[in-house]
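The structure appears right after this line, and notes come after that.
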């Protein structure tokens with residue numbers, strides 16, 4: 001167990017290094033001006049440009065720049081070009097909203113995906129299975145921003161419900177329950193839109209592994225014992241197919257954050273995705289480097305946790 | 001008795017599947033439309049209206065009448081603009097997949113065939129890239145490079161090859177142990193020849209399927225980019241930027257949102273279903289007797 005953790009951590013450190021190199025060089029090696037005001041803006045005097053270059057170490061060779069930016073990132077000194085505030089604080093402010101959004105949509109994708117996958121396997125190869133397969137691809141093919149607008153048209157036009165932002169603007173809550181419900185509602189709509197793709201991915205995943213498991217001898221045994229179909233599916237087949245589902249969580253995270261870039265924008269939801277989009281618009285490259293790095297590092301951490309979960313849910317996996 | 005080649009068998013099973021037939025029809029229509037629009041606009045014709053002709057007397061007209069799908073805030077015909085957007089979407093889809101496939105196949109093949117430290121290094125790099133949220137990465141790089149069609153295609157291709165690389169590597173890991181590869185090696189063939197002449201053709205089916213499934217991914221990524229204003233630039237219409245222009249009028253002119261979105265959705269769905277039906281048809285195990 002300890003040997004496994006040590007080895008995983010070593011691999012993790014290597015990956016983290018690669019991630020930092022990729023997120024730095026992709027942004028700095030990309031041709032194009034790093035200046036928020038554009039390369040040839042006549043209103044910016046050469047002195048200002050020089051000061052700017054000094055401040056963000058742009059006058060140094062690339063390798064040194066990499067060193068500086070990583071040092072600043074880890075010491076929390078890395079500052080945004082736009083408002084000079086520490087990048088880590090900016091990200092920290094946005095993190096809780098994004099975590100809430102992603103956690104909810106992850107829970108939605110897992111539960112509905114699980115249900116849909118088991119439903120498809122129950123009717124494997126027959127008409128309901130074909131329908132759920134097509135439905136899964138319908139979900140994947142729906143562009144998130146389009147669904148968001150349809151949701152806005154539907155909800156705002158027909159019910160008049162406020163759905164933008166973190167909470168209803170300028171409302172005094174009569175009590176805690178009302179506040180909770182209002183906030184929950186504001187997370188729930190974007191979370192549902194965000195979860196659509198995840199439901200499809202998880203159900204396809206589960207269908208593939210469970211149909212594999214259903215060919216096994218222990219399933220025949222379970223059936224021969226006279227267990228009900230539900231027991232066979234949920235207790236015997238699902239338990240043995242849960243492992244890829246756990247990996248699926250790791251793969252879903254980057255997709256969720258990608259999706260959040262657009263969806264947080266539409267719903268005016270102040271999360272990481274919106275921060276990233278604002279940073280892109282402002283060419284705020286310290287923020288971009290930091291965001292790409294931190295998100296990728298979080299995904300890496302998530303993968304490590306899911307590997308450990310593996311061993312916990314599946315006693316056949318021995319960690320050594 | 002006539003024997004069937006694997007390709008013939010796959011095709012026969014593909015066209016026996018109703019989902020396959022319908023989605024193939026959908027994709028065929030989308031491709032034909034896009035190709036004819038491209039040819040027509042090359043000769044300077046546009047059907048039924050000039051997609052860029054503004055007419056402020058006929059702005060925000062609802063669908064029906066002369067303008068089948070209505071007009072936008074500048075009086076441009078939405079149907080013509082959707083047609084014009086079709087070949088942007090499809091060419092991004094096809095070319096980006098070509099880029100990502102080329103990288104993915106080479107990396108996967110080298111990694112799976114050589115094994116050892118080369119494999120280790122390449123696969124760790126793939127792991128690292130897979131940690132990045134791909135759409136955000138694409139957005140960042142395209143924004144830095146400056147949005148135009150070449151940049152959009154290249155960046156989408158450069159970011160999305162990791163899945164193909166993993167798949168090709170897995171195929172190569174099993175195929176390199178087969179007898180015919182050993183035989184080729186015994187006959188003194190070089191590594192490159194073994195990789196491309198002997199192993200790759202036998203891994204063609206799954207690679208082709210991932211390629212087909214990659215097309216809608218690229219179409220959706222392009223739509224997202226041009227929705228955010230980092231795709232192909234106006235006045236060229238794309239499905240994404242019609243929606244961006246129309247979102248201001250969302251509660252008055254639903255047709256500016258609904259129809260271009262439907263175009264994105266249907267073409268992506270068509271390619272996904274064709275890819276999935278092909279995968280099912282190519283599976284050797286699932287044939288029912």
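Nothing in this text is a laboratory measurement; each read-out follows from the coordinates by a stated rule. Being a predicted model, the structure only gives us computed values, none of them experimental. Counting neighbours? That spans all protein chains shown, and the Cβs are built from the backbone with ideal geometry, glycine included.
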Checklist outcome for this item: Taking a ≥ b ≥ c as the square roots of the Cα gyration tensor eigenvalues, with a/c under 1.5 meaning rounded and otherwise prolate when a/b beats b/c or oblate if not, the stretch B:54-132 comes out prolate
Checklist outcome for this item: For chain A, longest principal axis from Cα atoms; helix A:272-281 axis from its Cα atoms; angle between them, nearest 10 degrees, is 40 degrees
Checklist entry - Order of A:53, A:79, B:81 from fewest to most other C-beta atoms within 10 Å? => result A:53, A:79, B:81
Checklist entry - Could you give the alpha-carbon Rg of chain B over 2.2 N^0.38 Å, rounded to two decimals? => result 1.18
Checklist entry - Using the Kirkwood formula over every pair of different C-alpha atoms, what hydrodynamic radius in Å results for the stretch B:148-214? => result 13.5 Å
Checklist outcome for this item: If A:54, B:59 are placed from fewest to most neighbouring beta carbons inside 10 Å, the sequence is A:54, B:59
Item to check | Highest-MSF residue in chain B out of B:164, B:210, B:140 [GNM, Cα springs under 10 Å] | outcome: B:140
Item to check | Three-way shape label, the stretch A:59-174, alpha-carbon gyration tensor, a/c 1.5 | outcome: oblate
Item to check | Radius of gyration, Dmax [the stretch B:44-195; alpha carbons; angstrom] | outcome: 23.7, 77
Checklist entry - With axes computed from alpha carbons, what is the tilt in degrees of helix B:162-175 against the longest principal axis of chain B, rounded to the nearest 10 within 0 to 90? => result 20 degrees
Item to check | Residues A:123, A:236, B:67 arranged by fewest to most Cβ contacts within 10 Å | outcome: A:123, A:236, B:67
Next on the checklist: Tell me the angle of helix A:127-141 to the major Cα principal axis of chain A, expressed in degrees between 0 and 90 and rounded to the nearest ten.
Outcome noted: 0 degrees
Item to check | Calculated P(r) of the protein assembly as shown - Cα pairs past 46 Å, % | outcome: 19 percent
Next on the checklist: Two decimals, Cα atoms only, Kirkwood Rh: what is Rg/Rh over the stretch B:121-249?
Outcome noted: 1.14
Item to check | Tail fraction, Cα-Cα pairs, the stretch A:87-313, threshold 29 Å, whole percent | outcome: 38 percent
